[in-house]
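The values are calculated or read from the model by the stated rules, or taken from the named source; none is laboratory data. Values in this document were obtained by computation on a predicted structure and should not be read as measured data. Every residue, glycine among them, receives a Cβ derived from its backbone with ideal geometry; neighbour counts consider all protein chains shown. Note: areas computed on protein heavy atoms with side chains; ligands, DNA, RNA excluded. Shrake-Rupley method; radii C 1.70, N 1.55, O 1.52, S 1.80 Å.
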Amino acid sequence: MKSAIYAGVSAAALSLAAGGAMAQDAISNGSVKIGVLGDMSGVYSTGFSGKGAVDAVKMAVRDFGGEVLGKPIEVISADHQNKADVGSATAREWIDQEHVDMIADLTNSAVALAVQQLASEKKTITFATGAATAALTGENCSKYGIHYGYDTHALPVGTATAVVKNGGDSWYFITADYAFGHALQDNTSSVVEDLGGSVVGSSDVPLATTDFSSYLLQAQSSGAKVIGLANAGQDTVNAIKQAHEFGIVAGGQQLAGMLVLISDVKSLGTDVAKGLQFTSGWYWNMDDESRKWKAEYEKFSGGEAPTFVHAADYSLTMAYLEAIKAAGTDDADKVREQLGKMKIDDFFAKGGSIRSDGLLEHDMYLLKVKDGGEDPWDVADVARTIPGNEAYASLEAGGCKLVNK
C-alpha cells in the first residue's frame with residue numbers, strides 16, 4: 001500500500017518537474033532579450049533612431065508588464081554608425097554571445113539589409129523601422145525579417161501622386177548615394193512616370209553632406225518643376241534650408257521631401273517648411289488614441305515628442321511580445337508564424353497585418369505643413385488617409401522568393 005502511495009507521489013513529482021522544465025524551456029536563456037541597433041550619433045539619430053527609438057521600445061516593455069511567460073524582458077542598444085560591417089558585427093555578437101532574441105530599429109537601409117541577412121541565417125527575427133528600402137521585403141526578403149512602418153514604395157504613393165496631380169510633372173532628384181536613396185528615387189520615378197510626368201535628371205550625394213549648394217544649382221538649372229529630395233534626416237533639413245536661402249522656391253520650383261519627419265519640420269520651422277507635403281506612417285495629432293500615446297511617450301522620454309518611427313518601435317515591440325505570449329514560446333519560427341496570423345490594429349497601425357513577405361501593411365497619411373498650433377509639435381494637417389492596400393505594392397510585385405511557399 002505504502003509503495004503504491006510512494007509510486008503515485010513520485011509520478012506526480014516527475015510530472016510537476018517535467019511541467020516546470022517545459023515552462024522554463026519556453027523562454028530560451030531565461031529571458032527575452034531585445035536589441036535596438038540604430039544610429040545613435042549620426043544624421044539619423046534624431047527622429048529616426050537614437051535615444052527616441054530606445055525609449056519607445058523600453059516604454060513598450062514597461063507597458064507590457066516587464067515580463068512574458070513569467071520571464072523578464074531585457075533591452076540593450078548599440079550604435080551601428082551607419083556602417084553595414086559594424087551593424088553586422090554587432091548583430092553577430094548579440095546573437096551568438098548575448099542571446100538576443102529580436103533586433104529592432106536598423107535605421108539605414110544598407111545596415112538593415114546586411115543585418116537581416118545575417119539574422120536570417122541564425123534564425124533570429126528582425127524588425128526594420130528606420131530603414132526604408134523596399135528590397136527588405138522584395139528581392140532581399142527573409143523568413144525572419146519584418147519591415148514595420150513604411151517603405152520606399154509607400155512614400156511616393158502619397159507625396160509624388162499629390163505633387164504630380166497638382167501640376168508638378170517634371171522632376172530632378174537630389175539623392176542619398178546608397179541603397180535607401182536609390183530605391184526611393186526609383187520608386188518615386190515610377191509613380192511620376194506612371195502619372196504622365198518625367199524625370200529630367202538627378203544628383204547622387206554622399207551621406208551626411210553639409211553643403212548642398214552645387215547639387216541645388218544643378219537642380220535649379222535643370223528647369224524641373226519639382227526638386228525631389230530622396231534623402232532623410234539632417235540631409236533633408238540641410239537641403240531644404242539651403243534651398244530656402246537660395247530662393248529656389250521663391251523662384252518657382254517646388255521641393256518634394258520624400259521622407260520627412262515632424263522633427264525635421266520642427267528643426268526647419270514652419271515658416272520655411274509651410275506648404276511642404278510629405279507621407280508619414282502616423283501623426284500624433286490625428287486622433288485621441290494617438291494624442292494620448294504621445295503624451296505618455298513625452299513623460300517617459302523626458303519631454304521629447306515622438307515621430308512615426310518611434311511610434312512604430314513601440315507598436316512592433318508590443319506585437320512581438322504578444323506573439324510570444326500567444327505562441328507560448330520565444331522560438332523564432334513559432335513567433336514569426338504567430339505574427340503572420342495577428343491583426344495589428346493599434347494607435348499606430350490602423351488595420352495592420354504582417355504579410356508573408358514580412359511587410360507590415362497599414363494605412364499611411366499625406367501630411368501638409370501648416371502654421372504651428374498650440375502644441376509646438378503640431379506642425380501639419382492630415383491631408384489624406386492612404387489605405388494600406390493602396391500604399392503598398394502587391395505581394396507579387398515585391399519579388400519576394402518566399403511568397404506562396
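So is Val237 crowded, with 22+ Cβ neighbours inside 10 Å and assigned to a helix (DSSP H, G or I) or not?
yes
Among residues belonging to segment 29-67 that are assigned to a strand (DSSP E or B) and open to solvent by 10 Å² or more (accessible area, probe 1.4 Å), point out the one that is farthest from Thr209 (Cα to Cα).
Ranking the candidates gives Glu67 first.
With assigned to a helix (DSSP H, G or I), surrounded by fewer than 22 Cβ atoms within 10 Å (Cβ to Cβ), of a type in the set (S, T, N, Q) and touching a residue at least 24 places away in the same chain (Cβ under 8 Å) as the only criterion, which of Ser315, Ser290 stands out?
So the residue among Ser315, Ser290 that is assigned to a helix (DSSP H, G or I), surrounded by fewer than 22 Cβ atoms within 10 Å (Cβ to Cβ), of a type in the set (S, T, N, Q) and touching a residue at least 24 places away in the same chain (Cβ under 8 Å) is Ser290.
Out of curiosity, is Asn231 open to solvent by 30 Å² or more (accessible area, probe 1.4 Å), within 19 Å of the chain's Cα centre (by Cα) and either within 29 Å of Ala110 (Cα to Cα) or among the hydroxyl-bearing types (Ser, Thr, Tyr) (or both)?
Taking the combined requirement at face value, the residue does not satisfy it.
Anything in segment 340-376 that is part of a loop (DSSP other than H, G, I, E, B) and touching a Gly at 6+ places or on another chain (Cβ under 7 Å)? List them, or say none.
If the condition is that a residue be part of a loop (DSSP other than H, G, I, E, B) and touching a Gly at 6+ places or on another chain (Cβ under 7 Å), then Asp345, Gly351, Ser356, Asp357, Gly358, His362, Asp363 are the ones that fit.
For segment 244-264, what are the residues that are of a type outside the set (Ser, Thr, Tyr) and under 28 Å from His310 (Cα atoms)?
Leu255, Ala256, Gly257, Met258, Leu259, Val260, Leu261, Ile262, Asp264
May I ask you to list the residues in segment 295-312 that are under 17 Å from the mean Cα position of the chain (by Cα) and either of a type outside the set (Gly, Ala, Ser) or open to solvent by 20 Å² or more (accessible area, probe 1.4 Å) (or both)?
Within segment 295-312, Pro306, Thr307, Phe308, Val309, His310 meet the criteria.
What is the residue count in segment 91-129 for residues that are acidic (Asp, Glu) and closer than 17 Å to Ala312 by Cβ?
Number of matching residues: 1.
Going by what's in this entry, would Tyr297 be described as of a type in the set (Phe, Trp, Tyr), farther than 23 Å from Gly138 by Cβ and either without any contact (Cβ under 8 Å) to a residue 24 or more places away in the chain or not in a strand (DSSP E or B) (or both)?
Details: of a type in the set (Phe, Trp, Tyr): yes; farther than 23 Å from Gly138 by Cβ: yes; either without any contact (Cβ under 8 Å) to a residue 24 or more places away in the chain or not in a strand (DSSP E or B) (or both): yes.
So Tyr297 passes the test.
Which of the residues that make up segment 220-251 are over 13 Å from Ser267 (Cα atoms) and of a type in the set (S, T, N, Q)?
Correct list: Gln220, Ser221, Ser222, Asn231, Gln242.
Mind checking which helices (runs of 4 or more DSSP H) fall wholly inside segment 68-175 and carry at least 2 residues that are among the charged types (D, E, K, R) and either open to solvent by 20 Å² or more (accessible area, probe 1.4 Å) or closer than 18 Å to Tyr44 by Cα (or both)?
Passing ranges, in order: 84-93.
Just checking, does segment 279-302 include any residue being closer than 21 Å to Gly372 by Cα and at pLDDT below 95?
No, segment 279-302 contains no residue that is closer than 21 Å to Gly372 by Cα and at pLDDT below 95.
Check segment 259-267 and report whether any residue there is over 19 Å from the mean Cα position of the chain (by Cα), aliphatic (A, V, I, L, M) and open to solvent by 10 Å² or more (accessible area, probe 1.4 Å).
no
Within segment 41-52, is there a residue that is closer than 17 Å to Trp94 by Cα, in contact (Cβ under 8 Å) with a residue 12 or more places away in the chain and in contact with an Asp or Glu (Cβ under 7 Å, 6 or more places away or on another chain)? Outline the logic, then answer.
As a first pass, look at segment 41-52 and keep what is closer than 17 Å to Trp94 by Cα: none.
No, there is no match, as no residue in segment 41-52 is closer than 17 Å to Trp94 by Cα, in contact (Cβ under 8 Å) with a residue 12 or more places away in the chain and in contact with an Asp or Glu (Cβ under 7 Å, 6 or more places away or on another chain).
Return yes or no: is Ala23 surrounded by fewer than 20 Cβ atoms within 10 Å (Cβ to Cβ), farther than 26 Å from Asp330 by Cβ and modelled with pLDDT under 95? Spell out how you get there, then give the answer.
Working: surrounded by fewer than 20 Cβ atoms within 10 Å (Cβ to Cβ): yes; farther than 26 Å from Asp330 by Cβ: no; modelled with pLDDT under 95: yes.
So Ala23 fails the test.
Answer yes or no: is there a residue in segment 326-340 that is in contact with a helix residue (DSSP H, G or I) (Cβ under 6 Å, 6 or more places away or on another chain), under 29 Å from Pro156 (Cβ atoms) and surrounded by 17 or more Cβ atoms within 10 Å (Cβ to Cβ).
yes
If you go through segment 382-395 one residue at a time, do you hit one that is of a type in the set (D, E, K, R) and surrounded by 17 or more Cβ atoms within 10 Å (Cβ to Cβ)? Spell out how you get there, then give the answer.
Taking segment 382-395 as the starting set, the residues that turn out to be of a type in the set (D, E, K, R) are 384, 390.
If we keep only those that are surrounded by 17 or more Cβ atoms within 10 Å (Cβ to Cβ) as well, we get none.
No.
Give me the pairs: first residue in segment 166-184 and more than 19 Å from Thr279 (Cβ to Cβ) and among the small types (Gly, Ala, Ser), second residue in a helix (DSSP H, G or I) and open to solvent by less than 20 Å² (accessible area, probe 1.4 Å), beta-carbon distance under 8 Å, and six or more apart or on different chains, which are they?
From residues that are more than 19 Å from Thr279 (Cβ to Cβ) and among the small types (Gly, Ala, Ser), the pairs are Ala179/Ser109; Ala179/Ala135.
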